[in-house]
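See structure below.
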Amino acid sequence: MLLVAVGVNVSINSGPSDGVFGVGIWMFVQWLLLQLPLWMLNAGLGFHLRYRDDNDAESNVNSIRFGLRDLLITMAIVGVLLGIGRLLVSTIEMNRGSELYIFIFLGVAGVIMTFPLVVAPLMQRMALPGVAMALVFMGAATVGELFTFEQIGGPGPDVEDFIAINITSAIAILLVAGLVRLNGYSLRKRYHPTDE
């Protein structure tokens, strides 16, 4: 839908001829960037989507569930990564060609900032408080994103653009993750007797 919106905007406001292609490439790169934390969650901690009727997933509930503690750790890691990104971007001097770095920062920050919201609805228990915490975190990260962009200055998106992009991303993520959750899937780890 974002690609369609960009295409309509380019046709109405006569933007660059390769604008839709460029945004499409950036969206694909952003999707690839989102895969990294998901793969790390699987490879590092062994969590993956499991259906509610998987028998071995129920045998030791305490050691296999992705819970609020894991979500808070995830948000802390994301906060540190956003802080590092903010420090790096604030060292950029605005001159010709430096807008590319800002757009890279915004794309990466968008992926990193929304990751807690991707996993929160998929928690086995306490999913609603987890989603609320992830939304508050995303709101705070949006404010930080705005401050970072204002420090850099120069041409670019307005405050309303940041807010609209992040709200739209949150709605899309919650719809998809909510549908996955309603169909009986959650983040769990396969139980092995050696896990005890």
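The values are calculated or read from the model by the stated rules, or taken from the named source; none is laboratory data. Computed from a predicted model, the values in this text were never measured in an experiment. Calculation scope for accessible area: heavy atoms of the full protein, side chains included, ligands and nucleic acids excluded. Shrake-Rupley method; radii C 1.70, N 1.55, O 1.52, S 1.80 Å.
By accessible area of protein heavy atoms, probe 1.4 Å, what ranking do THR91, THR74 get, highest first?
THR91, THR74
Please work out how much accessible surface LEU179 shows to a 1.4 Å probe, ignoring ligands, DNA and RNA, in Å² rounded to 10.
Looks like 110 Å² after rounding.
Excluding ligands and nucleic acids, what accessible area in Å² is computed for ILE77 using a 1.4 Å probe, to the nearest 10?
100 Å²
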